[in-house]
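The values are calculated or read from the model by the stated rules, or taken from the named source; none is laboratory data. Computed from a predicted model, the values in this text were never measured in an experiment. Cβ placement follows ideal geometry from the backbone for every residue including glycine, while neighbour counts extend to all protein chains displayed. For accessibility, only protein heavy atoms count, side chains too; no ligands or nucleic acids. Shrake-Rupley method; radii C 1.70, N 1.55, O 1.52, S 1.80 Å.
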Amino acid sequence: MKEFMVIDSDAGVRADKFVAAQYPQFTRSALEALFDQKLVQINGANAKAAQKVKPGDQVVVDESLLKTKPPKIDLPVIYEDSNVIVLDKPAGVLTHSKGALNLEGTVASFIEPKVKDMQGNRAGIVHRLDRGTSGVIVAAKSHDALSSLQRQFSKRKAKKTYLAVVEGKLSPKAAIINAPILRNPAKPQTFKVGAAGKPSITEYQVIKTFAKNSKEYSLVELKPQTGRTHQLRVHMAYVGHPIVGDHIYGHDGEHLLLHAKSLEITLPTSERKVFTADLPASIKEFADV
């Protein structure tokens, strides 16, 4: 338990905002769980997030949730040495938590025992895959290895190849999508194509086209030449062929059918290697491959 006294300058502030100010290392959305689980009291009574505080109020926070360790998870290891670890991330697993509060196992929590001289919820994370995306992801075990790998990604020396099932039949069967991407001001958690955006390039190649439940779909190989957030999802939706299961840029589905098939990088030892991950059952079954 930790106690805080409301002072004059905090008069009229929402309780959730007041608590968030006491714990700047946590996101405000993460701290909502404290109110949901009745772990915040004001003057001895359970507090509501929208409740306004007043000078002299005694705010008590039960910090047990904030100190909770994420459950241990076991992730498939493709390759590991003293510098890096390469994983086959299953769909549904987060790359890292959004703040200091982490209540589920992530790639970051899995590699935490292996990481040296780095701390925080993103320690060792070089790049990220969306929760719904499966496949190859590399992490660093040391700060030097992290810097080496991040330079490759920023200078476009890391080569990534994805496979995805998209809606419809693409024409032409191979093309380059060159369309800048920016954050969508109407929905800040999403992105869109726009002239003011950052340069974004994706190369695609149709592997096969097939019908399922009277609808046409295509299995495509995607090679992003840039690394914008949600780039492949935004670009495929932009050309009218959203990735199946993309509830943000396309339509609802049981799974996002997007898989990081391979990653070519230069290890800190200067050895160039290509790492691959087999297609998950969700894509194999849907595309019959």
Checklist entry - Between Tyr79 and Lys198, 0.36 nm times their residue separation minus their Cα-Cα distance comes to what? => result 39.5 nm
Checklist outcome for this item: Length gained if Val239 through Arg131 is fully extended, taking 0.36 nm per residue and subtracting the Cα-Cα distance, is 36.6 nm
Checklist entry - Once the Cβ-Cβ distance between Lys215 and Asp62 is put in as r, and R0 is 45 Å, what FRET efficiency do you end up with, to the nearest 0.05? => result 0.35
Checklist entry - What residue among Lys273, Lys157, Lys173 has the largest mean-square fluctuation in a Gaussian network model of the chain, using Cα springs under 10 Å? => result Lys273
Next on the checklist: Can you give me the distance in nm between label points at Asp288 and Lys169, each placed 7 Å from the Cα along the Cα-to-Cβ direction?
Outcome noted: 1.5 nm
Checklist outcome for this item: For the stretch 41-80 the trypsin sites (Lys or Arg not before Pro) that pass both the DSSP coil test and the at-most-12 other-Cβ-within-10 Å test are Lys67, Lys72
Item to check | Inter-centroid distance (Cα atoms) of the stretch 174-214 relative to the stretch 86-114, Å | outcome: 26 Å
Next on the checklist: Heavy atoms of the protein only, probe of 1.4 Å, neighbouring chains included. What is the accessible area of Thr95 in Å², nearest 10?
Outcome noted: 10 Å²
Item to check | Distance violations [Cα-Cα > 21 Å] among Lys192/Lys284; Lys2/Lys69; Lys192/Lys215; Lys89/Lys215 | outcome: Lys192/Lys284; Lys192/Lys215; Lys89/Lys215
Checklist outcome for this item: Most fluctuating of Ala164, Ala108, Ala195 in the GNM of the chain (C-alpha, under 10 Å) is Ala195
Next on the checklist: Where in the chain is the longest stretch that carries no GluC sites (Glu not before Pro) classed as loop by DSSP and with at most 14 other Cβ atoms within 10 Å?
Outcome noted: 105-253
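State the dimensionless ratio Rg/Rh of the chain (Rg: radius of gyration of Cα atoms; Rh: Kirkwood radius).
With Rg and the Kirkwood Rh in hand, the quotient comes to 1.05.
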Checklist outcome for this item: the stretch 182-266, convex hull of Cα, quarter of hull surface, nm² -> 6.8 nm²
Next on the checklist: Please give me the summed charge of the neighbours of Ser29: other residues whose Cβ is under 15 Å from its Cβ, Lys and Arg +1, Asp and Glu -1.
Outcome noted: 0
Next on the checklist: Run the numbers for Lys116 and Lys72: contour at 0.36 nm per residue of separation, minus the present Cα-Cα distance, in nm.
Outcome noted: 14.0 nm
Checklist entry - More than 25 Å apart: what percent of Cα pairs in the stretch 128-244 qualify? => result 29 percent
Checklist entry - Can you give the three extents of the C-alpha atoms in the stretch 53-195 along their principal axes, from longest to shortest, in whole Å? => result 67, 45, 27
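Which of the chymotrypsin sites (Phe, Trp or Tyr not before Pro) found in the stretch 196-289 are loop residues per DSSP with 11 or fewer other Cβ atoms within 10 Å of their Cβ?
Qualifying residues, ordered by number: none.
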